[in-house]
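Each remark here refers to the structure printed beneath this line.
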Amino acid sequence: MQEPAKPLSGEVFGALINLSGRRRFTSQRLVLYAVLAAQGQPGAAATAQDALNLFREAHHVLLNGSDTLPGIFCSELQEAYYGKPDGARQIKEFIDLAQRALDRGRAGPALEQLVETATPVLAVLNQITAIYEEQSKQHAVLMKKQLRGVITDIETIARQAKMVTFNARVVAARAGHAGREFAVVAGVLSNITTEIDDMVKAALQAASA
């Protein structure tokens, strides 16, 4: 199992889910056009081969990773691919079977087996896609918890800054004319703490969305 060097971002999870969805879609498109090709439908063989190529490429990235995406990054995926479901083996056999069926270009045992395996393979692909989606949800929950923690720290700092501002104004008022510049600084600090309050409110709304 490949361990990502750093926590995955929401963007990466979105890309993984889309890629897994593409693999599901192309598996069905592949079988459909393989059958049409065997029936002599013009252009069906080329469409089926394109679908197989897309399926193979998506599977390779999801299994092994790329420059921007991880491969198998959690124990749930490891189990789905190499555990009891044996997803990696089933998907590889599906790819090999599809290529044989397309190479022969006619109805025969390879095509019949391809049609028979389409539903079981789709079930495996659905299961794996569900894992990506669940991992994405867990990531979103974790990010919200971390955001709330940061917000709490900011609120603490803002409260301390307000106390400093209040004390600065008191000192400036007691200093009279000599404290005018100090009063200006206190005013600026007050404006900053107000801006922090607004930012915290906006962040809280985003965290609770």
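Applying the selection to region 68-127, what residues are under 14 Å from Leu30 (Cα atoms), touching a residue at least 60 places away in the same chain (Cβ under 8 Å) and open to solvent by 50 Å² or more (accessible area, probe 1.4 Å)?
Val115
Closer than 29 Å to Ala101 by Cα and out of contact with any helix residue (DSSP H, G or I) (no Cβ under 8 Å at 6 or more places or on another chain), is that true of Gly87?
On the way: closer than 29 Å to Ala101 by Cα: yes; out of contact with any helix residue (DSSP H, G or I) (no Cβ under 8 Å at 6 or more places or on another chain): no.
No, not satisfied.
Please find, within region 86-104, the residue that is farthest from Leu32 (Cα to Cα) out of those that are charged (D, E, K, R) and assigned to a helix (DSSP H, G or I).
Taking region 86-104 first, the residues charged (D, E, K, R) are 86, 89, 92-93, 96, 100, 103-104.
From what's left, assigned to a helix (DSSP H, G or I): 89, 92-93, 96, 100, 103-104.
On the way: Arg89: 22, Lys92: 19, Glu93: 18, Asp96: 16, Arg100: 15, Asp103: 16, Arg104: 16 Å.
Within region 86-104, the match that is farthest from Leu32 (Cα to Cα) is Arg89.
The values are calculated or read from the model by the stated rules, or taken from the named source; none is laboratory data. Everything numeric in this text was worked out from a predicted model, so none of it was measured. Here Cβ is always computed from backbone atoms with ideal geometry, including for glycine, and neighbour counts include all displayed protein chains. Just so you know, the surface numbers come from the protein's heavy atoms only, side chains and all, with ligands and any DNA or RNA stripped out. Shrake-Rupley method; radii C 1.70, N 1.55, O 1.52, S 1.80 Å.
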